[in-house]
């Protein structure tokens with residue numbers, strides 16, 4: 001299970017029926033459908049969303065950052081990112097995007113924040129084997145928690161999703177090495193949204209997020225105006241992503257375990273990978289090798305409106321027996 005997984009009902013049980021109880025899966029799907037419903041607005045107004053956060057790293061002080069989105073329905077949006085020395089402002093309108101700030105790969109902390117906010121809603125698919133549903137308390141709230149495994153090839157993750165018994169909201173998601181905890185829910189546009197989000201990876205806290213959403217009843221004329229120092233980029237009406245040409249994996253080891261490291265980087269118009277950064281890793285000792293390895297990869301460039309274009313990619317490095 002990951003970002004957006006197709007919903008499968010009882011008819012999708014082929015190959016799983018001997019491993020899980022049909023009634024347990026039916027109830028799990030029902031609980032998650034309710035979680036989606038209570039945290040999905042039927043009609044969003046013009047709004048301003050502000051996420052302020054603290055990012056924690058080993059052997060260094062916590063670093064503060066923010067993400068702000070102003071959304072004018074049917075017209076465009078204004079996204080602003082701040083984290084340390086990184087600043088990026090994107091103003092999206094119908095035909096173009098104005099970009100101001102540091103032209104660099106977005107830091108992993110901001111990518112994670114964008115992925116899990118305003119709330120990460122997931123569904124079960126055919127890779128998920130649900131074992132049990134238990135009642136427990138999550139941060140003092142009565143919850144129903146679903147324990148399941150996700151099996152993708154040789155990769156095997158133990159997971160758990162917990163939902164509020166009364167309100168139906170997601171309280172906690174354990175997805176492999178990731179743990180996301182939601183609390184302090186507030187009403188916005190007919191939906192319940194979390195005011196506090198805590199994110200951990202491999203048992204170590206990485207992000208602490210405070211989130212607000214406010215309707216915009218009055219819109220100023222310049223809310224979607226491009227900054228004077230912005231560069232203008234066309235929006236792709238036709239797009240083709242980069243395709244791998246040569247993607248050698250790291251050398252296999254003779255023992256140990258298998259692990260995956262996700263790296264993000266920019267594929268230039270020449271097909272080479274630039275500015276790679278580690279997005280997620282359970283083996284920090286292999287990070288440097290992963291970054292070196294991915295810079296050996298080559299791609300066909302992305303195509304925007306029929307022209308080569310630089311494009312960000314996320315790739316997975318597989319370390320076997322390491």
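The values are calculated or read from the model by the stated rules, or taken from the named source; none is laboratory data. None of the values given here were measured: they were computed from a predicted structure. FYI the Cβ positions are ideal-geometry reconstructions off the backbone, even for glycines, and counts take in every protein chain you see.
Give the residue, chosen from 165, 223, 204, that is closer than 27 Å to residue 130 by Cα and touching a strand residue (DSSP E or B) at 6+ places or on another chain (Cβ under 7 Å). Outline the logic, then answer.
Details: 223 fails: closer than 27 Å to residue 130 by Cα; 204 fails: touching a strand residue (DSSP E or B) at 6+ places or on another chain (Cβ under 7 Å).
The match here is 165.
Can you tell me how many residues in segment 300-309 are loosely packed, with under 15 Cβ neighbours inside 10 Å and touching a residue at least 24 places away in the same chain (Cβ under 8 Å)? Please lay out each step first, then the result.
Filtering segment 300-309 down to residues loosely packed, with under 15 Cβ neighbours inside 10 Å leaves 300, 305-307.
Now restrict to residues that are touching a residue at least 24 places away in the same chain (Cβ under 8 Å): 300, 305-306.
Here the count works out to 3.
For segment 257-270, enumerate the residues that are surrounded by 12 or more Cβ atoms within 10 Å (Cβ to Cβ) and assigned to a loop (DSSP other than H, G, I, E, B). Even if it seems obvious, please write down each step before you answer.
Step one: of segment 257-270, the residues surrounded by 12 or more Cβ atoms within 10 Å (Cβ to Cβ) are 258-269.
Hits for segment 257-270 are 258, 268, 269.
If you take the residues of segment 140-154 that are in contact (Cβ under 8 Å) with a residue 12 or more places away in the chain and farther than 20 Å from residue 177 by Cα, which of them is surrounded by the most Cβ atoms within 10 Å (Cβ to Cβ)?
Top of the filtered list is 143.
Scan segment 11-26 residue by residue and report those that are out of contact with any strand residue (DSSP E or B) (no Cβ under 6 Å at 6 or more places or on another chain) and either at pLDDT 55 or above or part of a helix (DSSP H, G or I) (or both).
11, 12, 21, 22, 23, 26 - these are the residues of segment 11-26 that are out of contact with any strand residue (DSSP E or B) (no Cβ under 6 Å at 6 or more places or on another chain) and either at pLDDT 55 or above or part of a helix (DSSP H, G or I) (or both).
Looking at segment 2-10, is at least one residue assigned to a helix (DSSP H, G or I), over 27 Å from residue 200 (Cβ atoms) and at pLDDT below 95? Before the answer, list the steps.
Initially, segment 2-10 is screened for residues assigned to a helix (DSSP H, G or I), giving 10.
Among the residues that remain, those that are also over 27 Å from residue 200 (Cβ atoms) are: 10.
Still in the running and at pLDDT below 95: 10.
Yes: segment 2-10 contains one or more residues that are assigned to a helix (DSSP H, G or I), over 27 Å from residue 200 (Cβ atoms) and at pLDDT below 95.
Any residue at all in segment 284-297 that is closer than 26 Å to residue 179 by Cβ, touching a strand residue (DSSP E or B) at 6+ places or on another chain (Cβ under 9 Å), modelled with pLDDT under 95 and exposed (fewer than 14 other Cβ atoms within 10 Å of the Cβ)?
Among the residues of segment 284-297, at least one is closer than 26 Å to residue 179 by Cβ, touching a strand residue (DSSP E or B) at 6+ places or on another chain (Cβ under 9 Å), modelled with pLDDT under 95 and exposed (fewer than 14 other Cβ atoms within 10 Å of the Cβ), which makes the answer yes.
In contact with a strand residue (DSSP E or B) (Cβ under 6 Å, 6 or more places away or on another chain), assigned to a strand (DSSP E or B) and modelled with pLDDT of 95 or more, is that true of residue 273? Give the derivation first.
Details: in contact with a strand residue (DSSP E or B) (Cβ under 6 Å, 6 or more places away or on another chain): yes; assigned to a strand (DSSP E or B): yes; modelled with pLDDT of 95 or more: yes.
For residue 273, the condition - in contact with a strand residue (DSSP E or B) (Cβ under 6 Å, 6 or more places away or on another chain), assigned to a strand (DSSP E or B) and modelled with pLDDT of 95 or more - is met.
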